[in-house]
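Participant: This is the structure, below, for whatever I ask next.
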Amino acid sequence: MTELASGSTSQRELASESTSQRNTESITVTVNGHAYTADCEPRVTLADFLRHTCGLTGTHLGCEHGVCGACTILVDGRSARACLMLAVQADGATITTVEGLAAGNALNPLQEAFWDNHGLQCGFCTPGMLMTATELLADNPDPDAAEVREGLSGNLCRCTGYDSIVRSVLDAAQRMRG
Amino acid sequence: MKPPAVRYARAGDVREAVALLAEHGSDAKVLAGGQSLVPLMSFRLARPSILVDINRIGGLDRIEQDNGSLLIGAMARQRDVELSDVAAAAVPLLPQALRYVGHVTIRNRGTVGGSLAHADPAAELPAVVTALGGELVLEGPGGTRSVAAEDFFTGTFTTVMAPDEVLVGVRLPRLPDRTGVAVEELARRHGDFAIVGVVAAVHLADDGTVDLVRLAASGVDSVPVRLHAAEAALSGARPTADVLEAAAATVDASIHPADDVHAPASYRRHVARLLVQRALGAAVERSGVER
Ligand SMILES: Cc1cc2nc3c(=O)[nH]c(=O)nc-3n(C[C@H](O)[C@H](O)[C@H](O)COP(=O)(O)OP(=O)(O)OC[C@H]3O[C@@H](n4cnc5c(N)ncnc54)[C@H](O)[C@@H]3O)c2cc1C
Ligand code: FES
Ligand code: FES
């Protein structure tokens, strides 16, 4: 995959691209309650817009082609891959990123459950896991382990072996049901 | 890995989208859910000069019953169709098949039209539309035309659509009440594209003989394949184990799988026959139940 990308894009091509077809659009996106307005090239993904323009680096980029789930965010309340949306498409949208889950230093119950159940090691996949689980638990407040595994099947973790993540989400479900 | 430079236009209606495509020729690409096109751009396998975004065209996302058929607008999100009572009542094969498409997050953005236009031979929706003899509705500079599913897909990632045509929707015949449906797939992991997939619908007459059977397979040719010979072997018969086995035995002559990194052709042939038998068995078992 890396080969494909680097093999077909030379530095020269990149340089000529940025001069020949430049056009930008002014967009406004509301992220975690704050409105961000910026000029944006159409080629910029929403993930890069969040990370570089908004400075919200909690949204991680693993694969940049939709398969790892690290960049998962909520767009108008539904989960989406931030690497598969162009920022210009999000003009007017309301977005929640992992930074929007905690209230200051107070973790939300899902984050707390990840903490307590060792639901993360290096933490790279965690923002995507949390955002995917947020939607999963909103749709199904009382999932069984198989449903959690299916719900998180689009999110890859290279550290935990998943068991502790599944445990975290089941524990969070219980805490959130009260 | 970032998309190359590209221009971007938001179409307000289908006519505007068609006009933009006509103006820019085959360099222009429709942007629907972006779940296939954006990764292709990031890999630099697609380098459109301009993206024509059809996401904000009103009314392209409808899911409606009309005169014995189900109409799905091209921009209906896969997840919305999966959860739609209207779709489930008319074509229960749809929600079942959609659960195999990627993951919820992919289906939240991915559209029905995008999956059909993309024409991946391993994809589920093209197989469903082919099995049911659906009609694809296209709009171009000269007006609107309908194309039968079996004429729409012409090869891997290719269809009869002209570069200046927009797929506006698909029309599927309603399946009669008490039709049993089944989807069988072999995939490495949940959410992966299937190595082989089979979709089936079976309805039984009061005397227990098959009076409707629809069957298609994915991953067994460069296009989804309607399994006419297997359907013929079952039509009018009582679906005993022997009859199902005989129907599945016809599959070998209907498919042209290729060897690839995922599986050799011989394996796909073996699996296709097995999955057809399983899917038919499951569909028969589920038929007769009121929905
Ligand atoms: C991780 C992952 C897993 C996936 N797994 C599966 C799977 O198991 N099974 C499966 O079937 N799919 C799978 N997909 C693909 C997914 O279903 C896509 O949503 C679908 O292939 C394309 O739909 P889209 O709306 O995203 O289209 P886009 O990506 O926007 O477009 C795809 C192509 O179709 C063209 N197009 C789109 N809409 C129209 C239209 N209305 N008129 C004319 N041309 C149009 C575009 O120009 C482009 O060439 C997966 C995707 C990802 C990222
Ligand atoms: S970075 Fe978006 S899915 Fe991997
Ligand atoms: S915790 Fe390291 S990738 Fe999941």
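The values are calculated or read from the model by the stated rules, or taken from the named source; none is laboratory data. Predicted model, so just to flag it, every value in this text is computed and none were measured. Methodologically, a virtual Cβ is constructed for each residue, glycine included, from the backbone with ideal geometry; neighbour enumeration extends over all protein chains shown. Ligands, DNA and RNA are excluded from the accessible area calculation, which covers all protein heavy atoms including side chains. Shrake-Rupley method; radii C 1.70, N 1.55, O 1.52, S 1.80 Å.
Participant: Report ³J(HN,Hα) in whole Hz for each residue of segment A:45-60, in order, from the Karplus equation J = 6.51 cos²θ - 1.76 cosθ + 1.60 where θ = phi - 60°; Gly and Pro get x.
Facilitator: With the stated coefficients, segment A:45-60 comes to 6, 4, 4, 5, 4, 5, 6, 8, 7, 8, x, 9, 8, x, 6, 8 Hz.
Participant: At 10 °C and 1.306 mPa s, grab the translational diffusion coefficient of chain A from Stokes-Einstein with a Kirkwood Rh over Cα pairs, rounded to a whole number in µm² per second.
Facilitator: On the way: Rh = 17.3 Å.
Here the translational diffusion coefficient equals 92 µm²/s.
Participant: State, in angstrom, two size descriptors of chain B derived from its alpha carbons: Rg to one decimal place and Dmax to the nearest whole number.
Facilitator: 19.1, 63
Participant: Over 10 Å intervals from 0, what percent of Cα-Cα pairs in segment B:2-132 sits in each interval?
Facilitator: 13, 41, 33, 13, 1
Participant: Then there's this: Counting only other chains, what is the mean number of Cβ atoms within 10 angstrom of the Cβ of each residue in peptide A:74-83?
Facilitator: Details: counts 2, 2, 1, 1, 8, 8, 7, 10, 0, 7.
Partner Cβ neighbours, averaged per residue: 5.
Participant: At a threshold of 8 angstrom on Cα-Cα distance, excluding pairs fewer than six apart, so keeping six or more, what relative contact order does segment A:24-100 reach in percent? Could the numbers behind the result be given before it?
Facilitator: Numbers: 151 pairs, mean separation 29.6, N = 77.
Contact order relative to length: 38 percent.
Participant: Rounded, prolate or oblate: pick one for segment B:176-266, where a ≥ b ≥ c are the square roots of the eigenvalues of its C-alpha gyration tensor, a/c under 1.5 means rounded, and failing that, prolate if a/b is larger than b/c, else oblate. All intermediate terms of the calculation are to be shown ahead of the outcome.
Facilitator: Details: a/c = 2.63, a/b = 1.80, b/c = 1.46.
Cα axes put segment B:176-266 in the prolate bin.
Participant: Now for a separate question. Remind me, what semi-axes does segment B:63-173 give for its equivalent ellipsoid, largest first in whole Å, using sqrt of 5 times each Cα gyration tensor eigenvalue?
Facilitator: Details: eigenvalues 84, 51, 32 Å².
The three semi-axes for segment B:63-173 are 20, 16, 13 Å.
Participant: Let me know the charge dipole size of segment B:63-173 about its Cα centre in debye, to the nearest 20, where only the beta-carbon of Lys, Arg (+1) and Asp, Glu (-1) is charged. Don't skip to the end; give the middle numbers.
Facilitator: Working: 7 positive and 13 negative charges, 68 e Å.
So the magnitude is around 320 debye.
Participant: In addition: If one computes P(r) from the Cα atoms of the protein assembly as shown, what percent of pairs lie at distances over 32 Å?
Facilitator: 43
Participant: So how much accessible surface do A and B hide from each other in total, probe 1.4 Å, in square angstrom to the nearest 100? Intermediate values should be presented prior to the final figure.
Facilitator: Values: alone 9940 and 13140 Å², together 19880 Å².
Chain pair A/B: roughly 3200 Å² of buried accessible area.
Participant: Report ³J(HN,Hα) in whole Hz for each residue of segment B:37-45, in order, from the Karplus equation J = 6.51 cos²θ - 1.76 cosθ + 1.60 where θ = phi - 60°; Gly and Pro get x.
Facilitator: Whole-Hz 3J(HN,Hα) from phi for segment B:37-45: 5, 5, x, 4, 5, 5, 6, 6, 7.
Participant: How fast does segment A:24-100 diffuse by Stokes-Einstein, in µm²/s, taking the Kirkwood radius from C-alpha pairs at 20 °C and 1.002 mPa s?
Facilitator: Values: Rh = 11.9 Å.
D = 179 µm²/s.
Participant: Could you please state how large a percent of the accessible area of chain B is carbon and sulfur, counting protein chains only and using a 1.4 Å probe?
Facilitator: Details: 5660 of 11520 Å².
It is 49 percent, rounded to a whole number.
Participant: Give the accessible surface of chain B per residue, rounded to a whole number of Å², with probe radius 1.4 Å and ligands, DNA and RNA excluded.
Facilitator: Working: 11520 Å² over 291 residues.
Value for chain B: 40 Å² per residue.
Participant: On to the next question. What area, in nm² and to one decimal, does the C-alpha convex hull of segment B:7-53 cast on average over all directions?
Facilitator: Values: hull surface 12.1 nm².
That works out to 3.0 nm², a quarter of the Cα hull's surface.
Participant: Could you give the length gained by full extension between B:Phe157 and B:Ser266, i.e. 0.36 nm per residue of separation minus their alpha carbon distance, to one decimal place?
Facilitator: Working: separation 109, 0.36 × 109 = 39.24 nm, distance 2.29 nm.
Fully extending the segment from B:Phe157 to B:Ser266 adds 36.9 nm.
Participant: With a 1.4 Å probe and every protein chain left in place, work out the accessible area per residue of segment A:17-92 in Å², rounded to a whole number.
Facilitator: On the way: 2760 Å² over 76 residues.
Dividing the accessible area of segment A:17-92 by its residue count gives 36 Å².
Participant: Follow-up question, since we're still on this one. Taking all protein chains in place and a 1.4 Å probe, what share, in percent, of the accessible surface of segment A:109-177 do carbon and sulfur account for? Mind dumping the intermediate values first?
Facilitator: Values: 1750 of 3390 Å².
Roughly 52 percent of what the probe reaches on segment A:109-177 is carbon or sulfur.
Participant: Quick one: go through segment A:72-90 and flag any residue whose amide nitrogen is under 18 Å from the point 7 Å out along the Cα-to-Cβ line of A:Thr37.
Facilitator: Of the residues in segment A:72-90, A:88-90 have backbone N under 18 Å from the label point off A:Thr37.
Participant: Indicate the residues belonging to segment A:29-60 that lose 10 Å² or more of solvent-accessible heavy-atom surface (probe 1.4 Å) upon moving from the chain alone to the assembly of all protein chains, ignoring ligands and nucleic acids.
Facilitator: So the qualifying set is A:Pro42, A:Arg43, A:Thr45, A:Asp48.
Participant: Okay, moving on. Sort B:134-144, A:29-39 by the packing proxy (mean of other Cβ within 10 Å over each peptide's residues), most packed first.
Facilitator: Values: B:134-144: 17.3, A:29-39: 14.6.
Order by mean packing, descending: B:134-144, A:29-39.
Participant: Now for a separate question. What residues in segment A:133-178 lose 10 Å² or more of accessible surface when the other protein chains are added to their chain alone (1.4 Å probe)?
Facilitator: Buried-area filter returns A:Glu135, A:Asp139, A:Glu150, A:Ser153, A:Gly154.
Participant: How do the peptides B:190-201, B:262-273 rank, highest first, by the average count of neighbouring beta carbon atoms within 10 Å per residue?
Facilitator: B:190-201, B:262-273
Participant: Given a 1.4 Å probe and every protein chain left where it sits, what share in percent of the accessible area of segment A:24-100 is carbon and sulfur? Before the final figure, lay out each step's value.
Facilitator: Numbers: 1160 of 2520 Å².
The computed percentage sits at 46.
Participant: Could you give the Stokes-Einstein D for segment B:131-205 in µm² per second, using the C-alpha Kirkwood radius, 10 °C, 1.306 mPa s? Numbers along the way, then the final one.
Facilitator: On the way: Rh = 14.9 Å.
Using the Kirkwood radius from Cα pairs, D works out to 107 µm²/s.
Participant: Can you give the relative contact order of segment B:1-139 as a percent, counting alpha carbon pairs under 8 Å and 6+ residues apart?
Facilitator: Numbers: 219 pairs, mean separation 30.6, N = 139.
Rounded, it is 22 percent for segment B:1-139.
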